[in-house]
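The values are calculated or read from the model by the stated rules, or taken from the named source; none is laboratory data. This one's a predicted model, so the numbers in the text were calculated from it and none came from an experiment. Cβ placement follows ideal geometry from the backbone for every residue including glycine, while neighbour counts extend to all protein chains displayed. Heavy atoms of the whole protein, side chains included, go into the accessibility calculation; ligands, DNA and RNA do not. Shrake-Rupley method; radii C 1.70, N 1.55, O 1.52, S 1.80 Å.
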Amino acid sequence: MTEGALHVSVIMTVRNDRRGCRTSLDSLLAQTHPPDEIVVVDAGSTDGTWELLEQYAKAVARVRAHQAPGLNIAQGRNLATSLAANDIIAATDGGCVAETRWLTNH
């Protein structure tokens, strides 16, 4: 990032939505202004979503995955926010597709 650029963390909560999670992560990684990090809290998936998140986290340094079984969406967002490294936080949910310029600084 250049000096003076905004540093953005995107937070996301997921549970049992492997396909939607992949779609969301791919759309976030394809941003014209990619986030500095993507913090994903998995609330106890049993359908392979957690394993997918682990794969992304190993392959893409900016993706950070955390497992917290039993959390609801609000609790998951609060946890993700507390784990985020940046002051600017954008929130989305698993399954959402971010428009390519969603994080672009105008």
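Summary table below
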| quantity | calculated |
| --- | --- |
| Structure-derived Rg and Dmax of the Cα atoms in Å: which label, when the choices are [x] 14.8, 46; [y] 22.2, 65; [z] 12.9, 42 | [z] |
| Share of carbon and sulfur in the accessible heavy-atom surface of the chain [1.4 Å probe, %] | 49 percent |
| Gyration tensor (alpha-carbon) shape descriptor, segment 31-77, a/c threshold 1.5 | oblate |
| Computed lengthening from Ala91 to Arg19, 0.36 nm per intervening residue step minus Cα-Cα distance | 24.0 nm |
| Solvent-accessible heavy-atom area per residue, rounded to whole Å², over the chain at 1.4 Å | 55 Å² |
| Peptides 88-100, 27-39 ordered by average Cβ neighbours within 10 Å, highest first | 27-39, 88-100 |
| Prolate/oblate/rounded label for segment 1-42 (Cα gyration tensor, a/c 1.5) | oblate |
